[in-house]
Structures are given as structure tokens and as C-alpha cells.
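Everything below concerns the one structure shown next.
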Amino acid sequence: MTTALTDVVVGLAALVVLLNLVIVAIRIAITRRQRRESRLRPLAELGIAAFLAGGPAAPQAPQAASDPERTVMLAVAMEALTDLLGTERARLVTFLEEHGYVAEAIRGLSARRRMARRQAADTLAAIATSAAVPALTAGLADHDAQVRITCAGALAEIGGQDVVPAIVATVERDVAVDPGGVTAVVLALGMHQPAALTALFARDTAPAVRIIAITVAGELRLSQHAALLQACLADGDAAASRAARGLGLIGEVQAVGALLELSCDTSRAPSARAAAVSALGLLGDVSALPALEARLLEEDWSLRAAAAQALSRLGEPGIAALRKAVDSDCAEASELAEAALQR
Amino acid sequence: MKILVSEDSSTIRRLVAARLRADGYEVIEAADGQEAIELALSAQPDLLVLDKVMPKFDGFEVIRSLREDPRTSAVPILMLSERASEDDVLGGLRLGVEDYMPKPFSPHELSARVSRALGRAAS
């Protein structure tokens, strides 16, 4: 019995010693890597800086032969790419292509380890070179959602119209897993290929993706989508709210009638009606005046507040309506009208 | 002409410094706001390229401090900023920033703006 206990204690002690040895070994390896990186980093930074400052006739590209040197060189280049525009950025991208960094990242996109694939996708997205389009397109079929979304974001920026259907399929697949990532992809699509958003407005698109597309089209003030946004006013309340705001931001005066209709529709949620009221204020069309005055007397606070704010944007007729409301018997309307006049 | 480049990212600082050296300027470098103030007062540069977001003192604090000292009160400043909101730009202009460049930026364009700011200061 005692011998068995002793064996257990000795075994545990050996395990503790072994674990400590492993921890020490890992710490030593990390420290050595950090020291090596801090030794190599200034050389990589100076090499890239001199190369880019030298102009197109620069005699020598920065050198990095060993794996650690290449790792540090790539990290420094990624940092620089984030803050660079113009010819220097283009030269750095060419350097990364010519010295195999892009090819290495493309290979990394097929690695077995998920982290390696994510890192490769991040690298290719940062470099944003058209040479990576086929690999990024293949990356849309990755098992990992983060890899797929990173690839989709990069393709939205650098891919052509051909890849749009694959991007759309990816955002629909992943919107439930990573709505923030999908929003970034749709935003990139709106900025770089605004016409491609049309595909996301289709009725059979996943509702969450459709709402993101409506929001992006409005916030980016993509006037070419004004007609589609106007059609969305008849959709569910969430989509209609965002479409109304977008129409206001775009300044789509053709939508005044539809916005008036939505603002008066008591079967709709107050949030959608309030968004239509705010949009009417942004459009500044005085034909909305009677409807906005009526909204000042609504039961819902958000509608009354939106109406007061909208009236304050209608110039003199709106100000006159607010002054009249200040003197009215309705205390809530009077208070909001006064606040709007003070703003 | 002597230019002080103050930027906490060593990669970007070295990039800007190399670009300006290639243009024939003498360049001194600071990695944070405190070092920028010390170097500006001791080395008396003809122009500062200043990042807005830096450790110890941010770009605005550096400008305020330099404007209070007669040795640096008139030195032209070109500000780099990754979050150039309207308030940032107006705040910088009120403090006497000569020019603003949002990040990401083109070092070529920065070089042209530096040249223009120095020309204005000389005239």
C-alpha cells in the first residue's frame, strides 16, 4: 500500500518536473524568437524604406534569405501596406510578388492548419493583388468561416464581376456565423463594385444580407440604387427603416410620396414610420409639412421626436409649424417643438 | 533644411524619413511625443511631420507645447492622422497645423506637401 502511494507521489513529482521543463523550453523558444525578431526588424524596416525611397530605379530590393528573415520582412511589409497609398504601395506589392511572398501565402491558403490558412488569407487580403484572385476564389470554399469571409472581403475589393456570385453565396452562407464580417464584405462590395449590390437586393436573398445591403447602399449614398431602396419601403419594418434612411441620405426626392405613405401607415412599426419621417426632413420637401405636423401629435414618442426634428429642416414653413406647436395644448408636442427650435 | 519626423510606428517613421532624405533634407526622428518636444526644442527643425496618435504626448499636446515656446512657436507642422475626423482637422488647424494628411497616405504626396509648406514658410 505504502509502496503504491510512494509510486504515485514519485510519478506526480516527475510529471510536475516534466511540465516545468516544457514550460521553460517554450519560454526560451519565445524569448529567442522575440530577440531574433527585434534584431532583424530594423534591418527589414530600413531595407524596405530605402527600397521605396529609391524610386523605380532603386538598385536593390531588400534582402531576406532565411525563414526568420522572410517572416520579419513580411510582417514589416504588412505594416507598411496598411498605411501606404500610391506608387510606393504598388512597388511594395510588386516586391512581394517577385520575391515569392504572394506565392507563399497562396500555398498557405491550402495548408492543413486552420491558423495557417487564416494567416495566409489575411496576408493576401492586405496585399490585395489581382494575382491572388484565383486562390482567394478557391478560399471561398474553405471549411473555416473566417477564411471564407476574409477571402470574400479581398475579392470584393480586387475581384471582377465574375466573382460576385461566389461572394454573394459566401455572405449568405456566413451571415449567421459572422454578421460583422459579412457587413465588412458587403461594404467593400459597395465601395469597389457598387453595381454588384443589385444581386443582394433580390427577394430571395437571405433577409439579414438584404438588410445589410440596403444599409450599405444608403450609407454610401449610392444613388444608382435609389429605385431599389424605394421598392424596399414595402418590405418588412427593419428593411423599410433602413431603406427610408438611405433615401433621405441620397436625397431621392422621387421617393417623397412613398415616404409620406410609410410615415402615415399605422399598420407599420413606429421605428419604420419614424425613419420615413426623418428621411422627409432630410429631403426638405415642404409638401411633407402637413403630414409631419400630424406626426407631432402621434402617441409614439420616437415618431413625435422625428417629426419635430424633420420640421426644423424644412426652413421657414417648418419653423413656423414648430412655433405653432409650442403654443399648442399638447404638452408633449410643445416640449419637442421647443427643443427642436433650440437646436 | 532640417525636418523632424515624429511617428510611433518605426516602419512608417523610417519610410517617411527615407523619402525625405532622398529629397535632400536632413531628417531627425522621434518615436513618441515627449521625444518630439525635446528634439524640436534642441534641434530647431525647419518643419515637423507629426503623427496625431503617439505614446506619452499625442500630436495636439506636442503642438501646444511647441507653440508656447518662442523657439518653436512658428515652425510649420504637417500632421499625419489615421482618424482624421472633422474635429481632428479643425482642432489641428486651430492650433496652427500647416497641412493634414490622412492615413493611408502616399509618401510622394507627403514629400510634395513638405516642399510646399517649406516654400510658404520661407516666403
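Okay, residues lined up against (1) more than 11 Å from chain B (Cβ to nearest Cβ); (2) assigned to a helix (DSSP H, G or I); (3) open to solvent by 60 Å² or more (accessible area, probe 1.4 Å):
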residue	(1), (2), (3)
A:Q63	yes, no, yes
A:A77	no, yes, no
A:I106	yes, yes, no
A:M115	yes, yes, yes
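Any residue at all in segment A:120-127 that is more than 20 Å from A:L84 (Cβ to Cβ), in a helix (DSSP H, G or I) and open to solvent by 40 Å² or more (accessible area, probe 1.4 Å)?
No, segment A:120-127 contains no residue that is more than 20 Å from A:L84 (Cβ to Cβ), in a helix (DSSP H, G or I) and open to solvent by 40 Å² or more (accessible area, probe 1.4 Å).
So which residues in segment B:25-40 are in contact (Cβ under 8 Å) with a residue 12 or more places away in the chain and more than 14 Å from B:I77 (Cβ to Cβ)?
Result: B:Y25, B:E26, B:V27, B:I28, B:E29, B:A31, B:D32, B:Q34, B:E35.
Give the number of residues within segment B:69-123 that are of a type in the set (S, T, Y) and assigned to a strand (DSSP E or B).
Qualifying residue count, segment B:69-123: 2.
Looking at A:E299 and the list (1) modelled with pLDDT under 90; (2) closer than 20 Å to A:A258 by Cα; (3) charged (D, E, K, R), which single condition is not satisfied?
Unmet condition: (2).
Confirm whether B:L48 is surrounded by 23 or more Cβ atoms within 10 Å (Cβ to Cβ) and within 14 Å of another protein chain (Cβ to nearest Cβ).
In short, no.
Could you say whether any residue in segment A:42-58 is out of contact with any strand residue (DSSP E or B) (no Cβ under 9 Å at 6 or more places or on another chain), open to solvent by 20 Å² or more (accessible area, probe 1.4 Å), more than 13 Å from chain B (Cβ to nearest Cβ) and aliphatic (A, V, I, L, M)?
no
If you scan segment B:1-28, which residues turn out to be open to solvent by 40 Å² or more (accessible area, probe 1.4 Å) and more than 11 Å from chain A (Cβ to nearest Cβ)?
B:M1, B:K2, B:D8, B:G24, B:Y25, B:E26
Identify, by number, the condition in (1) within 14 Å of another protein chain (Cβ to nearest Cβ); (2) open to solvent by less than 40 Å² (accessible area, probe 1.4 Å); (3) over 13 Å from the mean Cα position of the chain (by Cα) that B:D69 doesn't meet.
B:D69 satisfies every listed condition except (1).
Which condition from (1) of a type in the set (V, I, T); (2) part of a loop (DSSP other than H, G, I, E, B); (3) within 14 Å of chain A (Cβ to nearest Cβ); (4) closer than 17 Å to B:R116 by Cα is the one that B:V53 breaks?
(4)
Among the residues that make up segment A:232-242, is at least one of them more than 25 Å from A:A208 (Cα to Cα), open to solvent by less than 30 Å² (accessible area, probe 1.4 Å) and either within 30 Å of the chain's Cα centre (by Cα) or at pLDDT 95 or above (or both)?
no
For segment A:154-167, which residues satisfy the criterion of being open to solvent by less than 20 Å² (accessible area, probe 1.4 Å) and assigned to a helix (DSSP H, G or I)?
Correct list: A:A154, A:L155, A:A156, A:V163, A:V164, A:I167.
Which ones in segment A:197-225 are crowded, with 21+ Cβ neighbours inside 10 Å and either free of Cβ contacts under 8 Å to residues at least 24 places away in the same chain or among the small types (G, A, S) (or both)?
A:A213, A:A217, A:G218
Name the pairs: first residue in segment A:82-94 and more than 10 Å from every other protein chain (Cβ to nearest Cβ), second residue surrounded by 15 or more Cβ atoms within 10 Å (Cβ to Cβ) and part of a helix (DSSP H, G or I), Cβ to Cβ under 7 Å, at least 6 apart or on different chains?
Partner pairs satisfying both residue conditions: A:R91/A:L52; A:V93/A:I127.
Go over the candidates B:L48, B:L80 one by one and state the one that is touching a residue at least 60 places away in the same chain (Cβ under 8 Å) and within 21 Å of A:D83 (Cα to Cα).
Within the list B:L48, B:L80, the selection yields B:L80.
Which numbered condition in (1) under 22 Å from A:L249 (Cα atoms); (2) open to solvent by 60 Å² or more (accessible area, probe 1.4 Å) is the only one that A:L314 fails?
Of the numbered conditions (1) under 22 Å from A:L249 (Cα atoms); (2) open to solvent by 60 Å² or more (accessible area, probe 1.4 Å), the odd one out for A:L314 is (2).
Those residues that are open to solvent by less than 30 Å² (accessible area, probe 1.4 Å) and within 14 Å of chain A (Cβ to nearest Cβ), I need them from segment B:80-105; list them, please.
Result: B:L80, B:S81, B:M101, B:K103, B:F105.
Please find, within segment B:29-45, the residue that is farthest from the other protein chains (Cβ to nearest Cβ) out of those that are open to solvent by 60 Å² or more (accessible area, probe 1.4 Å) and not polar (S, T, N, Q).
Among those that are open to solvent by 60 Å² or more (accessible area, probe 1.4 Å) and not polar (S, T, N, Q), it is B:E38.
The values are calculated or read from the model by the stated rules, or taken from the named source; none is laboratory data. No experiment lies behind these values; they were computed from the predicted model shown. All Cβ positions, even for glycine, are placed from backbone atoms using ideal geometry, and neighbour counts span all protein chains on display. For accessibility, only protein heavy atoms count, side chains too; no ligands or nucleic acids. Shrake-Rupley method; radii C 1.70, N 1.55, O 1.52, S 1.80 Å.
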